[in-house]
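Here's the structure, in structure tokens; my notes come after.
The values are calculated or read from the model by the stated rules, or taken from the named source; none is laboratory data. Keep in mind it's a predicted model, so treat the numbers as computed, not measured. Methodologically, a virtual Cβ is constructed for each residue, glycine included, from the backbone with ideal geometry; neighbour enumeration extends over all protein chains shown.
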Amino acid sequence: MPAQVQVQVANDVAGTLWTNFGGALVAPTTNSAVTSWTVDLPIGVGRVRLVSGSNTAQNCTLDADISNVTAI
């Protein structure tokens, strides 16, 4: 099974109500594959977390970078 990552968001800073943001991001089944995604989050999001799973054969490393546009 390929590795999957689910982006979850909460509207409050305390993170009391997490909801899935879109569908799961699914990587290929190629050994040692490196996969990148870009996800645009709405401005009202208070917290973000990644949930990884569905990989039965290999370890996975997640690396997330986030940026915020403050002016145009």
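Applying a threshold of 6 Å to beta carbon distances and a minimum spacing of six or more residues, or different chains, the list of pairs starting in region 20-41 at a residue that is assigned to a loop (DSSP other than H, G, I, E, B) and ending at one that is among the hydroxyl-bearing types (Ser, Thr, Tyr) reads Ala27/Thr35. Just one of (1) touching a residue at least 24 places away in the same chain (Cβ under 8 Å); (2) on the phi < 0 side of the Ramachandran plot fails for Gly15. It is (2). Kindly indicate whether Ser52 is touching a Cys at 6+ places or on another chain (Cβ under 7 Å) and on the phi < 0 side of the Ramachandran plot. Taking the combined requirement at face value, the residue satisfies it.
Does Val69 qualify as being assigned to a loop (DSSP other than H, G, I, E, B) and in contact with a Gly (Cβ under 8 Å, 6 or more places away or on another chain)?
no
Of all residues in region 33-68, those satisfying the criterion of being aliphatic (A, V, I, L, M) and surrounded by 10 or more Cβ atoms within 10 Å (Cβ to Cβ) are Ala33, Val39, Leu41, Val45, Val48, Leu50, Val51, Ala64. Could you tell me whether Val13 is at pLDDT 85 or above and either in a loop (DSSP other than H, G, I, E, B) or within 30 Å of Ala71 (Cβ to Cβ) (or both)? No, not satisfied.
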